[in-house]
Amino acid sequence: MEYRKEIDGLRAVAVLPVILSHAGISWFSGGYVGVDIFFVISGYLITSIILEERKRNTFSIINFYERRARRILPALNVVLIFTTIAAYIFMPAISLKEYSQSLVSVTTFSSNVFFYMTSGYFSQISAEKPLLHTWSLAVEEQYYLFFPIMIVLIGLLGEKWLVSSVLLMAALSLIFAQVLLSRNAVDANYYLIFSRAWELFFGSIIAFISVRKLSAVRWKMELLSILGISMIAYSVVSFDSETPFPSFYTLVPVLGTCLIIVFSDSKSFIGRILSRNVLVFVGLISYSLYLWHQPLFAFLRGKSIGEPSTYLFTVAIAGTFILAFLTWKYIEKPFRDKVKFTRALIFQSSVASIAIFFSVCLAGHFYKGFASRFDMPSYTDSIKFSPKREECHTTGENYLRPSEACKYFGDNITWASFGDSHTVEPAYALAKRLESKNEGLVHLSFSGCAPAFLFEVKVPGCTKWIKESLSYLENAKSVQNVLMGFRYSSFLYGDHVNYFPSLPDINPEYQFANLSRPLNAAEARELWWTSLEAIILKLIAAGKNVYILYPIPELPVNIHKAITPFSVLGKTTMLDLDRSISAQYYFRRNEFIIKKLDSLPYSENLHAIKPFEILCDEKYCPAVKGGTALYFDDDHLSVAGSMLLIRSINFEK
């Protein structure tokens, strides 16, 4: 196949936005589309090579897999070796255990499936997962596994069947992506090959088409290639984390890439730009750039409180380029030499590397992240969530109905807990306290759910669950008392971790559904509050005693990171565990909701529970108190923390 410099330049256009987007540069909010550009390029190049070899009758499945192994495995193995060493040195045990599991999936090219299956509520923060980016490699490898075999089998029916078959499968894959979106299967849609294959198929389709026929008129070539780069640029700067993806929106960068591949060449304006030496060079090392950037960024974030500074990201990006160049020069290029590295050696080393990494993975998993690397304090054992959480906490459209909700521990159900996940541990602690009187509670909690009584939210099932739960409580005669709480400021302003010590100020409107008109931030927050207030008043009107849980202080980092030494080489922790969050930060963060909660008509039927007054002193809130960890992540109280909170409350008044 004839070498095209402009395609290496296009690789640079793909990888640079990915890196800058992952570094948190807001101008590149849609930089993730670089992965989609890579998919199209891969589909085009692989199909072109297969078709050319088929014409010459030299195509071989074994040769194909050998080329893929030479291209992908040597650099990947080097990155995995150094990343694993770094993980052992820096990661807390719980993170290293999850890393070990992800390493298995990478070596078996199934990491897209792994990250889909572990992308739930309590998975490690995505940006801190060193191997998260390998999901796209897994998608490509799965494509490479079946595509050449498919070409051979369909080719037996005749060449005319190839294009129509690929077109059909591309259409089905794109439709499947839209179906998954309509069912709110966001993670499955993002990670799995069934909803991604169409992007590679598009690359294959343009390889089937005769480029010469399409590119006969020069001015059309110029115009269409400019349109292509414009579509990519628009995607990079206009798309963001809220853009449904992959979906019909993804057609913008995918078709833009197709236009560039088909209509640009060494003579066209866009082709000449993409053929510039600097872009070609970046394109040549783009694979290694992609491999290295995520581990460096992940460890940087994992060892920072809040989002790392621009300076640190600049250093990390520079390090990425240095490591990528060295990997390309001393690993990628030499391993393409078929004399020095024979086919047998490539396949043998591939099998050996998989076996070695698999052994490391198993050790990391079964030894629970090698917790003995660190001299951990005794209170580590108190970092636990409720044993009722998995059974009783619900989520999704197929949620646990209020009538089927858990009831524990006493037989006389006089209490209920009602809210999001931040009521789960306090509910358990309360139930333990009630147990001695043979009283119990009905557990009503929904993951990430807002008090969506007077509005609808995008979280699947939440609005319906809120209304059903409220109706259930109003009619539950035995339930006299309701413990109620939400993670208020997270919905109203955004999650705090990536902004600390600054405060997020995100308009919560994007979380609402079916609004009759756009809302500014103040209007959205007032609507949210009006709905919460209405729920409280309806419960009081139904004769319930309502106990409102005020905001729980939030740590700037996960408790496991907070208590773990910076590395195995020292004992100093990242966070002062006695002064983890200042009172000033707490009250600034929760100013809106505290003012609103303070305005409620407290009486014998309405009571306030204020975690700050119980868990904190006048100036600071701790992560650890009295030899007990108060949290099990950065914002949920542990069972022990909840016990401390509930024991301090007088429920008899």
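The values are calculated or read from the model by the stated rules, or taken from the named source; none is laboratory data. Because the structure is a prediction, the values reported are computed rather than measured. Reconstructed Cβ throughout: ideal geometry from the backbone, glycine too, with neighbour counts over all protein chains shown. The protein model used for the area step is the full one, side chains on, heavy atoms only, and it has no ligands, DNA or RNA in it. Shrake-Rupley method; radii C 1.70, N 1.55, O 1.52, S 1.80 Å.
Could you go through the stretch 580-588 and let me know if any residue there is touching an Asp or Glu at 6+ places or on another chain (Cβ under 7 Å), buried (at least 21 other Cβ atoms within 10 Å of the Cβ) and within 30 Å of Ser603 (Cα to Cα). So far as the stretch 580-588 goes, no, none of its residues is touching an Asp or Glu at 6+ places or on another chain (Cβ under 7 Å), buried (at least 21 other Cβ atoms within 10 Å of the Cβ) and within 30 Å of Ser603 (Cα to Cα).
Do the conditions hold for Val624, that is, is it open to solvent by 20 Å² or more (accessible area, probe 1.4 Å) and among the hydrophobic types (A, V, I, L, M, F, W, C)?
Numbers: open to solvent by 20 Å² or more (accessible area, probe 1.4 Å): no; among the hydrophobic types (A, V, I, L, M, F, W, C): yes.
Spelling it out, it is not the case that Val624 is open to solvent by 20 Å² or more (accessible area, probe 1.4 Å) and among the hydrophobic types (A, V, I, L, M, F, W, C).
Being within 29 Å of Gly155 (Cα to Cα), under 23 Å from the mean Cα position of the chain (by Cα), open to solvent by 20 Å² or more (accessible area, probe 1.4 Å) and not acidic (Asp, Glu) holds for only one residue in Thr84, Thr108, Thr58, and it is Thr108.
When Ser48, Ser123 are checked against the criterion of being at pLDDT below 95, open to solvent by less than 40 Å² (accessible area, probe 1.4 Å) and within 25 Å of Tyr367 (Cα to Cα), a single residue qualifies: Ser123. Contact list please: Cβ distance under 6 Å, first residue in the stretch 346-368 and under 20 Å from Ile89 (Cβ atoms), second residue open to solvent by less than 60 Å² (accessible area, probe 1.4 Å) and among the hydroxyl-bearing types (Ser, Thr, Tyr), pairs at least six apart or on different chains. These pairs meet every condition: Phe357/Thr107; Cys361/Ser100; Gly364/Ser100; His365/Ser100.
Taken as a whole, the structure places Val237 among residues that are open to solvent by 60 Å² or more (accessible area, probe 1.4 Å), in a helix (DSSP H, G or I) and under 25 Å from Gln178 (Cα atoms). What about Val79, is it closer than 23 Å to Val166 by Cβ, assigned to a helix (DSSP H, G or I), among the aliphatic types (A, V, I, L, M) and touching a helix residue (DSSP H, G or I) at 6+ places or on another chain (Cβ under 7 Å)? Taking the combined requirement at face value, the residue does not satisfy it. Filtered by the rule that a residue be closer than 25 Å to Ser642 by Cα and assigned to a helix (DSSP H, G or I), the stretch 354-399 gives Ser378, Tyr379, Thr380, Asp381, Ser382, Arg389, Glu390, Glu391, Cys392. Being within 30 Å of Glu66 (Cβ to Cβ) and either within 25 Å of the chain's Cα centre (by Cα) or modelled with pLDDT of 90 or more (or both): is that true of Leu279 here? Taking the combined requirement at face value, the residue satisfies it. Residues in the stretch 555-579 that are open to solvent by 90 Å² or more (accessible area, probe 1.4 Å) and either closer than 19 Å to Asp375 by Cα or assigned to a helix (DSSP H, G or I) (or both): Phe566, Leu569, Lys571, Thr572, Asp578.
For the list (1) over 30 Å from Ala185 (Cβ atoms); (2) open to solvent by 10 Å² or more (accessible area, probe 1.4 Å); (3) part of a helix (DSSP H, G or I); (4) out of contact with any helix residue (DSSP H, G or I) (no Cβ under 9 Å at 6 or more places or on another chain), I need the number of the one condition that Ala431 fails. Ala431 satisfies every listed condition except (2). A Cβ distance below 6 Å, combined with a sequence gap of six or more or placement on separate chains, defines the contacts here; from the stretch 10-26, residues that are closer than 16 Å to Phe313 by Cα and open to solvent by 10 Å² or more (accessible area, probe 1.4 Å) reach residues that are among the aliphatic types (A, V, I, L, M) and in a helix (DSSP H, G or I) in the pairs Pro17/Val236.
Residue pairs whose Cβ atoms lie under 6 Å apart, separated by 6 or more positions or on different chains, with the first residue in the stretch 82-108 and within 14 Å of Leu137 (Cβ to Cβ) and the second of a type in the set (A, V, I, L, M) and open to solvent by less than 40 Å² (accessible area, probe 1.4 Å), are Ser102/Leu131; Val106/Leu131. When Arg11, Arg70 are checked against the criterion of being under 30 Å from Tyr234 (Cβ atoms), part of a helix (DSSP H, G or I), more than 23 Å from the chain's Cα centre (by Cα) and of a type in the set (Lys, Arg), Arg11 stands alone in meeting it.
Among helices (runs of 4 or more DSSP H) entirely within the stretch 462-554, having at least 2 residues that are basic (Lys, Arg) and open to solvent by 40 Å² or more (accessible area, probe 1.4 Å) singles out 462-475. Residues of the stretch 301-333 that are in contact (Cβ under 8 Å) with a residue 40 or more places away in the chain, farther than 14 Å from Arg68 by Cα and not in a loop (DSSP other than H, G, I, E, B): Arg301, Gly302, Phe313, Ala316, Ile317, Thr320, Phe325, Thr327, Trp328, Ile331.
Picking from Glu474, Glu425, which residue would you name as being at negative phi, out of contact with any Phe, Trp or Tyr (no Cβ under 9 Å at 6 or more places or on another chain) and acidic (Asp, Glu)?
Values: Glu425 fails: out of contact with any Phe, Trp or Tyr (no Cβ under 9 Å at 6 or more places or on another chain).
Going through Glu474, Glu425 in turn, just one is at negative phi, out of contact with any Phe, Trp or Tyr (no Cβ under 9 Å at 6 or more places or on another chain) and acidic (Asp, Glu): Glu474.
Report yes if some residue within the stretch 286-306 is at positive phi and surrounded by fewer than 18 Cβ atoms within 10 Å (Cβ to Cβ); otherwise report no. First the steps, then the outcome.
Initial filter on the stretch 286-306 (at positive phi): 306.
Of the ones still in play, those that are also surrounded by fewer than 18 Cβ atoms within 10 Å (Cβ to Cβ) are 306.
Within the stretch 286-306 (the criterion being at positive phi and surrounded by fewer than 18 Cβ atoms within 10 Å (Cβ to Cβ)), the answer is yes, since at least one residue qualifies.
For the stretch 580-620, what are the residues that are part of a helix (DSSP H, G or I) and among the hydroxyl-bearing types (Ser, Thr, Tyr)? Those that are part of a helix (DSSP H, G or I) and among the hydroxyl-bearing types (Ser, Thr, Tyr): Tyr585, Tyr586. Evaluate the stretch 175-184: report whether one residue or more is within 16 Å of the chain's Cα centre (by Cα) and outside any helix (DSSP H, G or I). Yes. When the stretch 239-261 is filtered for residues that are farther than 12 Å from Tyr32 by Cβ and touching a Gly at 6+ places or on another chain (Cβ under 6 Å), the ones remaining, listed by number, are Gly256, Leu259, Ile260. Selection of the stretch 87-101 for residues being among the hydroxyl-bearing types (Ser, Thr, Tyr) and more than 22 Å from the chain's Cα centre (by Cα) yields only Tyr88. Just checking, how many residues over the stretch 327-346 are surrounded by 15 or more Cβ atoms within 10 Å (Cβ to Cβ), over 18 Å from Val18 (Cβ atoms) and within 33 Å of the chain's Cα centre (by Cα)? Of the residues in that region, 2 qualify.
In the list Gly364, Gly271, which residue meets the criterion of being within 23 Å of Leu96 (Cα to Cα), open to solvent by less than 20 Å² (accessible area, probe 1.4 Å) and either in contact with an Asp or Glu (Cβ under 6 Å, 6 or more places away or on another chain) or not aromatic (Phe, Trp, Tyr) (or both)?
Values: Gly271 fails: within 23 Å of Leu96 (Cα to Cα).
After ruling out the rest, the residue left standing is Gly364.
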